[in-house]
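The values are calculated or read from the model by the stated rules, or taken from the named source; none is laboratory data. Predicted model only: the values in this text are computed from it and were never measured. So basically every Cβ, Gly included, is an ideal-geometry build from the backbone, and we count neighbours across all protein chains shown. To get the accessible areas, we keep the full protein, side chains included, count just its heavy atoms, and leave off ligands, DNA and RNA. Shrake-Rupley method; radii C 1.70, N 1.55, O 1.52, S 1.80 Å.
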Amino acid sequence: MERESTDNSHDMLKSDVVIGAIAGEDARQAVDNEHNLSFLEALKLYPAAAGWSIFFSLGIIMTAFDPQLLGNLYATPAFQRDFGYLYDGSYIVSAPWQTGLSMGNPIGQVVGALFAAYPMEWYGRKKTFGVCVILTAGFIFIQFFARSLPVLLVGELLGGLVLGTYATIAPTYASEVCPVALRGVLTSYVNLCFVIGQLIANGVIAGTSKLDSHWAYSAPFAAQWIWPLVILIGWPFAPESPWWLARKGRLIDAEASLRRLASEKVDIKPTLAMIVETDRLEQELEAGTTYWDCFKKVNIRRTEIAVGVYCIQVISGTYLVGYATYFFEQAGLPVNKAFHMSIGFLALGFVGTLLSWVLLVRFGRRKIYNTGLTLLMVLLLIIGILDCVPGYKSKPGVIWAQSSLMLVWNFCYDFSVGPVCFVILCEVSATKVRSKTIAFATAVQALLGIVMTVAIPYLINPDQADLRGKIGFFFGGLSALGLAWSYFRIPETRGRTYEELDIMFSRGVRTRQFKDYHVD
């Protein structure tokens, strides 16, 4: 009996080794498949993955619409009259109230982003997304019926709590349903949704700003209900992230999710094996699933890079986008020209993000990011220099040149720092703590955004510092600091599977060696 028991144990052990070897072969096959896929081939084989990734990113449109709407309302005559005070012959909303209202969204993002990681880990990406959309629809009522600054502030704070979750949910989901060949484009699509939300907000305000009643600002708030309606119609049919399902031990559900995300031609068994193998590797590396695990030795470098690329968005001037119309007004453009210029400003951003997709397929993330940040720094410094021209306000040519350079700045931002940030953010995060790494980076970025939200009205308001274009010196200098950090710290992650990245970070591969490093 003892011999038989020993033989059975030996056979079981031998069987486990064989199964492990087969799983390893499947995982290696999946890695090879990922490396051999071109962008167009991947799009043909994984159309559903692309479609659902785009669907989950619709929440970002709402995240971008609200602060952009608020920034433009400061330049809307009816809003200025109903919520502002008379200053030097015209109505303005005071800088303290501009700061308070604009802080609602970033403060909400800090709390919302950090909180979102928990239900995403407990209940999954899909359920968390659905509940957040329902809450957003409810909080829009407060903004719509607000007729005083305190009530509007409450609406912005509560709305911001939920809007902050989408910046965590969307890139996490996109990075977990797409093959490597699609990952760059579909995670950068998050940035396009930011631009779309801002562009729609500007278009809506441009149409309603001429109204002389409360509908000049109530109608734009009501327009936000369109997105929850669209999302809730499609939400029940969305597949859950196969990575989340596999980590929960629900391998049958993970396999079913992978089948829904891929075409019938794809053998999803190797992909599932790669997911399981990557999860096993991270367990060996002691990569846990808590916020504290983001700061352990195995992950601290990855967390630093994720936070850094996201914060550079802020210090390179992205919060000026929300004040575009107001900036153009303060620069000296008439109100109608300022609104038209702000729409062109965001339209160029839209085109820039589309260009980033071409660049991401052809070039590395590191090269695009650093080149773009260099251009942003130079443009901002030129804008600041133009503001020092004697008799600036009496020279329309200088005003138009300055405003045009802001358009070029937004184009450069949206083919580089804007979209590539989300690609790097998703790729450097370990899979077990991806939602928490993205949530933490979002929260830190939002905290820095709060600082900018406080500072910008005081820097550009005519009753405060009245810097106008000289604000280019401020953001240009910060961009230079960001460029110095990014050159030495951002590695090249293009074309790498998550397992390869786990191995490279665990081995401490140097930043500039990532591109050509060979993983055994």
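When Arg302 is tested against the conditions (1) open to solvent by 50 Å² or more (accessible area, probe 1.4 Å); (2) assigned by the TED database to the domain that holds Leu376; (3) among the basic types (Lys, Arg), the lone failure is (1). Residues that are within 30 Å of Cys178 (Cα to Cα), assigned by the TED database to the domain that holds Lys210 and either touching a Cys at 6+ places or on another chain (Cβ under 8 Å) or crowded, with 24+ Cβ neighbours inside 10 Å (or both): does the stretch 92-107 have at least one? Yes, because at least one residue in the stretch 92-107 is within 30 Å of Cys178 (Cα to Cα), assigned by the TED database to the domain that holds Lys210 and either touching a Cys at 6+ places or on another chain (Cβ under 8 Å) or crowded, with 24+ Cβ neighbours inside 10 Å (or both).
All told, Ile169 falls short of being open to solvent by 10 Å² or more (accessible area, probe 1.4 Å) and either at pLDDT 90 or above or farther than 23 Å from Arg250 by Cβ (or both).
Taken over the stretch 258-274, the criterion of being free of Cβ contacts under 8 Å to residues at least 24 places away in the same chain and either under 27 Å from the mean Cα position of the chain (by Cα) or open to solvent by 30 Å² or more (accessible area, probe 1.4 Å) (or both) is satisfied by Leu258, Arg259, Glu264, Asp267.
No other residue among Ile61, Ile54 is part of a helix (DSSP H, G or I), open to solvent by less than 10 Å² (accessible area, probe 1.4 Å) and either in contact (Cβ under 8 Å) with a residue 40 or more places away in the chain or not small (Gly, Ala, Ser) (or both) apart from Ile61. Do we have any residue at all in the stretch 210-218 that's modelled with pLDDT of 85 or more, in contact with a Phe, Trp or Tyr (Cβ under 9 Å, 6 or more places away or on another chain) and open to solvent by 20 Å² or more (accessible area, probe 1.4 Å)? Among the residues of the stretch 210-218, not one is modelled with pLDDT of 85 or more, in contact with a Phe, Trp or Tyr (Cβ under 9 Å, 6 or more places away or on another chain) and open to solvent by 20 Å² or more (accessible area, probe 1.4 Å), which makes the answer no. Among the residues of the stretch 37-49, at least one is at pLDDT below 80 and either open to solvent by 10 Å² or more (accessible area, probe 1.4 Å) or among the charged types (D, E, K, R) (or both). Screening Glu264 with (1) more than 18 Å from Ser53 (Cα to Cα); (2) part of a helix (DSSP H, G or I) gives one miss only, at (2).
If you check Thr318, Thr290 for being assigned by the TED database to the domain that holds Phe440, in contact (Cβ under 8 Å) with a residue 60 or more places away in the chain and surrounded by fewer than 16 Cβ atoms within 10 Å (Cβ to Cβ), only one passes: Thr290. Beta carbons closer than 9 Å, at least 6 apart along the sequence or on distinct chains, pair a first residue in the stretch 132-155 that is without any contact (Cβ under 8 Å) to a residue 60 or more places away in the chain and of a type outside the set (Val, Ile, Thr) with a second that is in a loop (DSSP other than H, G, I, E, B) and surrounded by 13 or more Cβ atoms within 10 Å (Cβ to Cβ) for Leu153/Ala146; Gly155/Ala146.
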